[in-house]
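Report on one structure; see the data block that follows.
The values are calculated or read from the model by the stated rules, or taken from the named source; none is laboratory data. This one's a predicted model, so the numbers in the text were calculated from it and none came from an experiment. Every residue, glycine among them, receives a Cβ derived from its backbone with ideal geometry; neighbour counts consider all protein chains shown.
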Amino acid sequence: MSISSPDTCISHNNNNLPNLSNKSNGMRGNKYNCNNSGTPRTRLERLLRERELRKFNKSLNDGETELSNNDSFSPDSFEAFSWFNDEESLETISANGCSTDGCERQDSRTSRERLLVVANRLPVSAVRRGVDSWHLEISVGGLVSALLGVKEFETRWIGWAGVNVPDEIGQRALIKALAEKRCIPVFLDEEIVHQYYNGYCNNILWPLFHYLGLPQEDRLATTRSFQSQFDAYKKANQMFAEVVKEHYVEGDVVWCHDYHLMFLPKCLKERNRKMKVGWFLHTPFPSSEIHRTLPSRSELLRSVLAADLVGFHTYDYARHFVSACTRILGLEGTPEGVEDQGRLTRVAAFPIGIDSDRFIRALELPQVQDHMKELKERFAGRKVMLGVDRLDMIKGIPQKILAFEKFLEENPNWRDKVVLLQIAVPTRTDVPEYQKLTSQVHEIVGRINGRFGTLTAVPIHHLDRSLDFHALCALYAVTDVALVTSLRDGMNLVSYEFVACQASKKGVLILSEFAGAAQSLGAGAILVNPWNVTEVASSIGYALNMPADEREKRHHHNFVHVTTHTSQEWAATFVSELNDTIVEAQLRTRQIPPPLPIEVAVDRYAKSNNRLLILGFNATLTEPVDTLGRKGSQIKEMEPKLRPDLQEPLRKLCDDPKTTIVVLSGSDRSVLDDNFGDYSMWLAAENGMFLRATKGDWMTTMPENLNMEWVDSVKHVFEYFTERTPRSHFELRETSLIWNYKYADVEFGRLQARDLLQHLWTGPISNASLDVVQGSRSIEVRSVGVTKVCIGGITLLLFIQHHRLAYLMLR
Ligand SMILES: O=P(O)(O)OC[C@H]1O[C@H](O[C@H]2O[C@H](CO)[C@@H](O)[C@H](O)[C@H]2O)[C@H](O)[C@@H](O)[C@@H]1O
Ligand SMILES: O=c1ccn([C@@H]2O[C@H](COP(=O)(O)OP(=O)(O)O)[C@@H](O)[C@H]2O)c(=O)[nH]1
């Protein structure tokens, strides 16, 4: 049993106002930083920050406001989302003749930023009552609970209402009923739900992301149906994208949620590049070794990377995601996120929270007090232990019950003094794995109750149903020990809710170390490995016997965390980070040279009689080819060969008496000779160190006294590392040496590069006049001043002057 660990949520830069210069210089705080502590605490702070951002953005866009259209947005008939929060008694909502107090209530805070939440499940599930009549029930699950606590934004929710509606009358009536709750449905037919939701989402991605692998007995069948399920998944994501497009207003923040919608960021950006798109994963993201097994691994990662900001609950999940992108896609992981050809997708940790006030306030309500009284009377003389979970294999319900059995077995004196209440909310009941789990749990509960029950009492009360909010709050409040034994869990909000309701009782939380919540509530909880039944059983004993002062201390730690890291803050931080990310991307784009105005260039070209075209070689005249890196990762590489489709146009240009062509490259002379030897042009090899007209001989521009004595010793170091780094190689050029690890395992290559540099600095080059240049996957050592800019530039300027040429440089 491990008792408490310090809160590991790392704080980050204090970003009450945008500190853009720092960030764009790569000086942000920790890698994949945990953002809670940097959140503007008050609404005023946040407004100031937003105003500052808008002003800043405006200056970038010559007077256009890009960040949000708060001021111009006029409210429509949608009711504020806060009905979920204000209307505590709301268990079910009748869509016909809406029962809530403010269905038509207009939102007075019209300046709030518009947020489109896109999630597979709407916060309400629809039940048909007639041809055009619907009954709406609140959906159960942490995603819904957390997002309902978000009040800062002008929110609309796009998702599936959990029901098949094949007819138009029914669809129209449901659209209308949901509109009153600011919800917009995506209609998925039965076949799509079967293949996309039950199949790809819940039978493949869900177990995989929770380290459970694919279902064992069905492995072959699953593999066979994989492609059709993935096709349905993509199709469903396209359908979500269509609905977003219909309801999107320029400036909206579009926040996509969870593993159901990994394809959505790509679909949205393809439709509108300027849309502000964030994606947040509510489950763990597994180690890249697990993600690698997924046949559609690359496609899914690339689609998510289309978002501007990608968020996870914990630092670990973010790290796993970045590592999957580097190892599987061969992209560059940076402290900010993932980079692909100059475009950055920001990746960060945003630990979710709950609307703690709502729970604390609820405890004062008379109906909750009544519930509490009933429960206390019912279980008088016994300690109450509580489990609240969806009936899902990730929640470790069998493990929990077996540990309780072991505790009763080993502690006969407790048998009539403790009761375990397990709320097991049915979920995904069409998926066979979930059906099997239900029977398994029922069997274990029956056995234990048969074994330890008496005529008047049973040790386990197991409920296959959900409870309404008030009943749940009462239950949390009267509990002595809450037991969360998830085998893996993105966060687990039940543990937060329990803590919020324990201000007077100060009960104990036993929490799985495999729940995201363990990182934030580890200081006060008893952390356990749910697979270790003996450890969990002894933790139960420890918790039941814990003295009051220890309970109080532990509770205090957790209560402070739960009440300060709320769902409101979580959403505000995510959205504000998304806005910052967009501004930063604009700044970065401004540093990139503007694209060539083709029409102007063509016009000038046509009018001039004496032209010089300076062309780069690698990536300008060559073409990328797919190669396989270590472990099968796909890497785009440039072959040092002129693209076949450019041969003809290049020859025409070279043969034009009014045009002089120079290819300026870092490559050595032989590469340029091989590719361009029979064209009529100029070649500048090794960044201009060597120059020749193809009709003549090579000339060198190398300074006469260039010291090359260092080459042999550097070569030794390079050879040493090449031998020890599979798939790396080095090139010996006339004036430089390059060690290249672009085909090697990215992370190992980087480690080796660091060691190599250390060897160089402490050995062969410590006294030499050399430049060491670190490329993204290479290390180059060359004499001081041997660069494309210095040598190539000087050479070319002399060349231009000599020929009295106007010039255009293409790289
Ligand atoms: O919509 P369902 O298929 O019925 O499932 C319910 C939700 O389960 C998952 O919840 C996760 O989100 C919580 C909040 O971030 C987190 O605390 C928990 O650990 C996760 O399991 C799922 O990710 C949601 O999409 C579902 O709606
Ligand atoms: O009878 C119930 C049981 C649970 N919940 C809610 O379901 C959510 C469960 O979220 P958690 O993050 O613990 O796990 P998830 O089910 O999302 O995987 C919590 O907000 C609970 O309040 C509920 O509304 N009624």
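Could you grab me the full set of residues in segment 141-170 that are surrounded by fewer than 23 Cβ atoms within 10 Å (Cβ to Cβ), within 14 Å of ligand 2 (Cβ to nearest atom) and either basic (Lys, Arg) or in a loop (DSSP other than H, G, I, E, B) (or both)?
The answer is 141, and nothing else.
Would you check if there is a residue in segment 474-492 being in a helix (DSSP H, G or I), more than 28 Å from the chain's Cα centre (by Cα), of a type in the set (A, V, I, L, M, F, W, C) and crowded, with 24+ Cβ neighbours inside 10 Å?
Step one: list which residues in segment 474-492 are in a helix (DSSP H, G or I), which gives 474-478.
Next cut, more than 28 Å from the chain's Cα centre (by Cα) only: 474-478.
Now drop any that are not of a type in the set (A, V, I, L, M, F, W, C), which leaves 474-475, 477-478.
Remaining after also requiring crowded, with 24+ Cβ neighbours inside 10 Å: 474, 477.
There is at least one residue in segment 474-492 that is in a helix (DSSP H, G or I), more than 28 Å from the chain's Cα centre (by Cα), of a type in the set (A, V, I, L, M, F, W, C) and crowded, with 24+ Cβ neighbours inside 10 Å.
Spot the failing condition for residue 561; the list is (1) away from ligand 2 (no atom under 16 Å from the Cβ); (2) more than 17 Å from residue 422 (Cβ to Cβ); (3) of a type outside the set (Phe, Trp, Tyr); (4) surrounded by fewer than 24 Cβ atoms within 10 Å (Cβ to Cβ), and only one is missed.
If we test residue 561 against (1) away from ligand 2 (no atom under 16 Å from the Cβ); (2) more than 17 Å from residue 422 (Cβ to Cβ); (3) of a type outside the set (Phe, Trp, Tyr); (4) surrounded by fewer than 24 Cβ atoms within 10 Å (Cβ to Cβ), just (1) comes out false.
Among (1) out of contact with any Pro (no Cβ under 6 Å at 6 or more places or on another chain); (2) under 19 Å from residue 418 (Cβ atoms); (3) more than 16 Å from ligand 1 (Cβ to nearest atom), which single condition is residue 452 missing?
Of the numbered conditions (1) out of contact with any Pro (no Cβ under 6 Å at 6 or more places or on another chain); (2) under 19 Å from residue 418 (Cβ atoms); (3) more than 16 Å from ligand 1 (Cβ to nearest atom), the odd one out for residue 452 is (1).
So if I check each of 530, 547, which one is at pLDDT 95 or above, under 30 Å from residue 381 (Cα atoms), in the same structural domain as residue 473 (by the TED database) and within 16 Å of ligand 1 (Cβ to nearest atom)? So that I can check it myself, show each step before the final result.
Numbers: 547 fails: within 16 Å of ligand 1 (Cβ to nearest atom).
Only one candidate qualifies: 530.
Do any strands (runs of 3 or more DSSP E) entirely within segment 352-469 hold 2 or more residues that are of a type outside the set (A, V, I, L, M), and if so, which? Walk me through it before giving the result.
On the way: elements: 383-390, 418-425, 460-463.
Answer list for segment 352-469: 383-390, 460-463.
I'm checking my understanding of the structure. Among residues of segment 242-264 that are more than 16 Å from ligand 1 (Cβ to nearest atom) and outside any loop (DSSP other than H, G, I, E, B), which one is surrounded by the most Cβ atoms within 10 Å (Cβ to Cβ)?
Here is the first cut: in segment 242-264, the ones more than 16 Å from ligand 1 (Cβ to nearest atom) are 242-254.
Remaining after also requiring outside any loop (DSSP other than H, G, I, E, B): 242-247, 253-254.
On the way: 242: 12, 243: 17, 244: 25, 245: 13, 246: 9, 247: 14, 253: 25, 254: 27.
Once the filter is applied, the top-ranked residue is 254.
Being under 24 Å from residue 241 (Cα atoms) and more than 9 Å from ligand 1 (Cβ to nearest atom) is the filter here; which residues of segment 139-150 pass it?
Residues satisfying the conditions are 148, 150.
May I ask you to say which residue of 498, 469 is within 19 Å of residue 397 (Cα to Cα), aromatic (Phe, Trp, Tyr) and within 16 Å of ligand 2 (Cβ to nearest atom)?
Values: 469 fails: within 19 Å of residue 397 (Cα to Cα).
Being within 19 Å of residue 397 (Cα to Cα), aromatic (Phe, Trp, Tyr) and within 16 Å of ligand 2 (Cβ to nearest atom) holds for just one of 498, 469, which is 498.
Go through segment 637-669 and report how many residues are of a type in the set (Lys, Arg) and in contact with a strand residue (DSSP E or B) (Cβ under 8 Å, 6 or more places away or on another chain). If you could, list the steps in order and put the result at the bottom.
Just the residues of segment 637-669 that are of a type in the set (Lys, Arg), to begin with: 641, 643, 651-652, 658, 669.
The next check asks that each one be in contact with a strand residue (DSSP E or B) (Cβ under 8 Å, 6 or more places away or on another chain); those that pass are 641, 643, 658, 669.
Of the residues in that region, 4 qualify.
With respect to residue 136, is the statement that it is buried (at least 20 other Cβ atoms within 10 Å of the Cβ) and in a strand (DSSP E or B) true?
Answer is yes for this residue.
Just checking, does segment 461-473 include any residue being in the same structural domain as residue 393 (by the TED database), under 23 Å from residue 551 (Cα atoms) and away from ligand 1 (no atom under 16 Å from the Cβ)? Walk me through how you get there before you give the answer.
Taking segment 461-473 and keeping what is in the same structural domain as residue 393 (by the TED database), we get 461-473.
If we keep only those that are under 23 Å from residue 551 (Cα atoms) too, we end up with 472-473.
If we keep only those that are away from ligand 1 (no atom under 16 Å from the Cβ) too, we end up with 473.
Looking for residues that are in the same structural domain as residue 393 (by the TED database), under 23 Å from residue 551 (Cα atoms) and away from ligand 1 (no atom under 16 Å from the Cβ), one finds at least one in segment 461-473, hence yes.
Quick check on segment 381-404: of everything there that is among the charged types (D, E, K, R) and under 18 Å from residue 480 (Cα atoms), which residue is farthest from ligand 1 (Cβ to nearest atom)? Write out each step before concluding.
Residues of segment 381-404 among the charged types (D, E, K, R): 382-383, 389-390, 392, 395, 400.
Right, trim to under 18 Å from residue 480 (Cα atoms) and you get 382-383, 389, 400.
Working: 382: 29, 383: 27, 389: 10, 400: 16 Å.
Filtering first and then ranking leaves 382.
Does residue 407 satisfy being away from ligand 1 (no atom under 16 Å from the Cβ), within 26 Å of residue 381 (Cβ to Cβ) and either in contact (Cβ under 8 Å) with a residue 60 or more places away in the chain or not assigned by the TED database to the domain that holds residue 555 (or both)?
Working: away from ligand 1 (no atom under 16 Å from the Cβ): yes; within 26 Å of residue 381 (Cβ to Cβ): yes; either in contact (Cβ under 8 Å) with a residue 60 or more places away in the chain or not assigned by the TED database to the domain that holds residue 555 (or both): yes.
Yes, satisfied.
Can you name every residue in segment 359-374 that is within 15 Å of ligand 2 (Cβ to nearest atom) and either among the hydrophobic types (A, V, I, L, M, F, W, C) or assigned by the TED database to the domain that holds residue 151 (or both)?
359, 360, 362, 363, 368, listed by residue number.
From the set of residues in segment 166-206 that are farther than 30 Å from residue 291 by Cα and among the β-branched types (Val, Ile, Thr), which is farthest from ligand 1 (Cβ to nearest atom)?
Of everything passing the filter in segment 166-206, 169 is farthest from ligand 1 (Cβ to nearest atom).
Output the qualifying pairs, or none if there are none: Cβ atoms under 7 angstrom, residues six or more apart or on different chains, first residue in segment 110-122 and part of a strand (DSSP E or B), second residue within 10 Å of ligand 1 (Cβ to nearest atom) and of a type in the set (D, E, K, R).
Note: pairs meeting the criteria are 119/258; 120/258.
Can you spot a residue in segment 180-199 that is within 16 Å of ligand 2 (Cβ to nearest atom), of a type outside the set (Val, Ile, Thr), under 26 Å from residue 569 (Cα atoms) and in contact with a Leu (Cβ under 6 Å, 6 or more places away or on another chain)?
Going through segment 180-199, the residues within 16 Å of ligand 2 (Cβ to nearest atom) turn out to be 197.
Retained after the next criterion (residues that are of a type outside the set (Val, Ile, Thr)): 197.
Okay, now just the ones that are also under 26 Å from residue 569 (Cα atoms), so none.
Checked segment 180-199: no residue is within 16 Å of ligand 2 (Cβ to nearest atom), of a type outside the set (Val, Ile, Thr), under 26 Å from residue 569 (Cα atoms) and in contact with a Leu (Cβ under 6 Å, 6 or more places away or on another chain).
Pairs please, first residue from segment 516-528 and without any contact (Cβ under 8 Å) to a residue 40 or more places away in the chain, second anywhere and within 11 Å of ligand 1 (Cβ to nearest atom) and hydroxyl-bearing (Ser, Thr, Tyr), Cβ atoms under 6 Å, 6+ apart in sequence or on different chains.
Here the result reads 517/495, each pair linking segment 516-528 to a residue that is within 11 Å of ligand 1 (Cβ to nearest atom) and hydroxyl-bearing (Ser, Thr, Tyr).
The rows are residues; the columns are (1) free of Cβ contacts under 8 Å to residues at least 12 places away in the same chain; (2) farther than 25 Å from residue 612 by Cβ; (3) touching a Leu at 6+ places or on another chain (Cβ under 9 Å).
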| residue | (1), (2), (3) |
| --- | --- |
| 685 | no, no, yes |
| 691 | no, no, yes |
| 694 | no, no, yes |
| 705 | yes, yes, no |
| 714 | no, yes, yes |
| 717 | no, yes, yes |
| 721 | no, yes, yes |
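Looking at segment 280-330, what helices (runs of 4 or more DSSP H) fall wholly within it and have at least 3 residues that are at pLDDT 95 or above, surrounded by fewer than 24 Cβ atoms within 10 Å (Cβ to Cβ) and away from ligand 2 (no atom under 16 Å from the Cβ)? Full working, then the answer.
Working: elements: 288-291, 297-305, 315-329.
Fully inside segment 280-330 and qualifying: 297-305.
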